[in-house]
Amino acid sequence: MPITQDAISTALDLPWVRSQFPSFAEKVNGHPAAYLDGPGGTQVPQRVIDAISDYLKHSNANTNGAYATSDRTNQTIAAARSAMADFFGCDADEVVFGFNMTSLTYAMSRALGRELGPGDEIVLTLLDHDANFAPWQALEERGATVRPVAINQGDCTLDMNDLARQINSHTRLVAVGYASNAVGTINNVKEVVRLAHAAGALAYIDAVHYAPHGPVDVRALDCDFLVCSSYKFFGPHMGALYGKREHLKRLHPYKVRANTNESPNRWEWGTLNHEGIAGITACVEYIADIGRRLKPSVPTRRAAILTAYEEIVRYERSLCERLIHGLREFPGLKLYGISDPERFDHRCPTIAVRIQGHSPLELATKLGERGFFTWDGNYYALNLTEQLDVEKDGGFLRIGLFHYNTVEEVDRLLGALREIVAS
Ligand SMILES: Cc1ncc(COP(=O)(O)O)c(C=O)c1O
């Protein structure tokens with residue numbers, strides 16, 4: 001049975017959550033906009049917009065000058081580093097800011113690649129976004145060998161036996177996604193890190209898709225690197241990387257001489273997006289405030305973030321169950337990924353489907369006309385759509401649920417889909 005509206009809406013203060021996002025007032029052809037496109041980028045609360053504009057009004061300058069706005073800029077960056085340290089569960093000097101996840105990963109692959117050559121192996125997965133594949137595959141130019149890990153096609157999970165087989169004494173790096181941005185699978189990254197370390201390899205985690213849906217704890221994972229993008233967790237279009245201090249200090253980035261050798265400055269080249277960085281603090285504070293509202297006695301921002309995610313996970317799971325339950329009634333619909341509610345701990349509420357007789361583009365377009373924002377295509381999870389043989393037919397229709405979505409939106413979406421399929 002699907003969960004009732006009351007059971008779903010209790011713990012999270014949804015009216016407050018929804019009131020934070022000005023874009024929710026948007027309408028399309030008279031229909032209220034339903035943002036189910038969050039895997040491509042979430043909406044932002046007003047405080048993020050304010051932080052960006054306040055920075056530009058009151059602090060706009062370059063760093064390290066002997067005057068007030070430059071000083072404020074230094075403080076803005078330090079505050080965001082501390083916010084992201086609370087988000088990752090690490091120290092502030094282990095946080096590197098960048099343009100986005102892809103460019104941060106290319107930076108890391110170039111630096112790590114300086115140490116690789118013929119005989120060295122890199123383990124990648126066919127479930128991953130191409131941004132955690134192509135930058136490492138590029139190291140084949142240096143003679144390194146890529147070993148791709150297969151997926152279980154039935155439920156779009158990672159084949160952990162294959163992963164264990166691919167890792168050996170030549171493995172230098174294992175790069176794996178925390179969660180699939182196409183089909184929602186959450187990987188057992190802790191086990192991947194353990195296997196990588198047992199072989200003496202580094203573990204690089206792409207947490208871009210996971211970060212808005214679950215708590216990140218880099219110390220508990222013991223990963224060497226973990227990267228995410230703030231525009232996927234209610235912030236500005238930027239990326240942030242966690243690196244173990246020892247690696248950030250030891251590896252050799254390609255950098256301009258003016259960048260100091262201090263970490264993380266040695267990894268942050270040129271002038272950063274200061275206004276975006278101001279927005280990052282605000283989006284982390286937004287998540288922490290969800291936790292503070294749930295439990296006013298939380299002692300630290302980190303504890304508030306973890307409290308927020310406990311409820312976000314529970315609520316999103318209920319929404320996901322309701323959506324999948326409704327989708328199962330559609331004749332000719334194929335759901336890709338984990339569909340058994342007993343196993344929903346292993347998936348995000350990111351749903352990929354195809355409906356016989358309708359291309360994903362047609363469905364997304366018709367939904368878009370009715371105010372439902374969804375995606376069609378491969379979302380750069382190109383190896384996956386090729387494996388599943390849907391690349392040639394337009395990929396999937398992807399419906400992405402977030403803690404700011406409602407039961408009412410899920411039900412309206414199912415109604416709209418029924419109408420589209422029947423017409
Ligand atoms: C799982 C995953 N990894 C990596 C990326 C690339 O992130 P960015 O746009 O920050 O480079 C995305 C973007 O959609 C993603 O979903």
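At a glance:
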item	result
The range 413-423 - phi-based ³J(HN,Hα) in whole Hz, Karplus 6.51/-1.76/1.60, Gly and Pro as x	4, 4, x, 5, 5, 4, 4, 5, 5, 6, 7
Rounded FRET efficiency, nearest 0.05, which uses the C-beta distance separating Ser339 from Thr260 and R0 of 45 Å	0.30
Per residue, in Å², the accessible surface of the chain once ligands and nucleic acids are set aside, probe 1.4 Å	40 Å²
Whole-angstrom gap from the range 335-408 to the range 166-188, using each part's C-alpha centre	21 Å
Centroid-to-centroid separation of the range 24-38 and the range 101-162 [C-alpha atoms, Å]	37 Å
Expected-Rg normalisation [2.2 N^0.38 Å, Cα atoms] applied to the range 61-171	1.45
DSSP bridge orientation in the chain - percent antiparallel, rounded to nearest 5	55 percent
Candidate residues Trp375, Trp267: accessible-area rank, largest first, probe 1.4 Å	Trp375, Trp267
Dimensions in Å of the range 186-272 - Rg and Dmax from alpha carbons	14.4, 41
When the range 1-130 is reduced to its Cα atoms, the Kirkwood hydrodynamic radius in Å	19.7 Å
Shape of the chain, Cα gyration tensor, a/c cut at 1.5	oblate
Amide proton proximity set for Ile151, modelled H, under 5 Å, gap of 5+	Asp159
Where only alpha carbons of the range 153-309 are counted, the Rg and the Dmax (Å)	17.5, 52
The range 64-120 - Rg (one decimal) and Dmax (whole number), Cα, Å	15.9, 53
Whole-percent carbon and sulfur share, accessible surface of the chain, 1.4 Å	51 percent
Listed residues Pro32, Pro212, Pro135, most fluctuating in the chain (Gaussian network, C-alpha, under 10 Å)	Pro32
Nearest-10 value in Å² for the accessible area of Ser23, using the 1.4 Å probe	20 Å²
Among Val208, Val298, Val189: highest mean-square fluctuation, GNM of the chain, C-alpha pairs under 10 Å	Val298
Rg to Rh, two decimals, where the range 331-395 supplies the alpha carbon set and Rh follows Kirkwood	0.98
Distance (nanometres) between label positions extended 7 Å along Cα→Cβ at Arg328 and Asp217	3.2 nm
Most to least accessible of Ile355, Ile49 (protein chains only, probe 1.4 Å)	Ile49, Ile355
FRET efficiency estimate (nearest 0.05) - Cβ-Cβ, Ser359 to Glu408, R0 22 angstrom	0.20
Computed over the range 235-324, Kirkwood Rh from alpha-carbon pairs, angstrom	16.0 Å
Value at 222 nm in deg cm²/dmol, rounded to 500, when DSSP H runs of n ≥ 4 in the chain each add -39,500 (n - 2.57)	-12000 deg cm²/dmol
Dipole magnitude (debye, nearest 20) for the range 75-155, charges at Cβ of Lys, Arg, Asp, Glu	200 debye
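The values are calculated or read from the model by the stated rules, or taken from the named source; none is laboratory data. All of these numbers come straight from a predicted model, not from anything done at the bench. Cβ sites come from the backbone with ideal geometry, for glycine too, and all protein chains shown count toward neighbours. The area values use the complete protein model at the heavy-atom level, side chains included, leaving out ligands, DNA and RNA. Shrake-Rupley method; radii C 1.70, N 1.55, O 1.52, S 1.80 Å.
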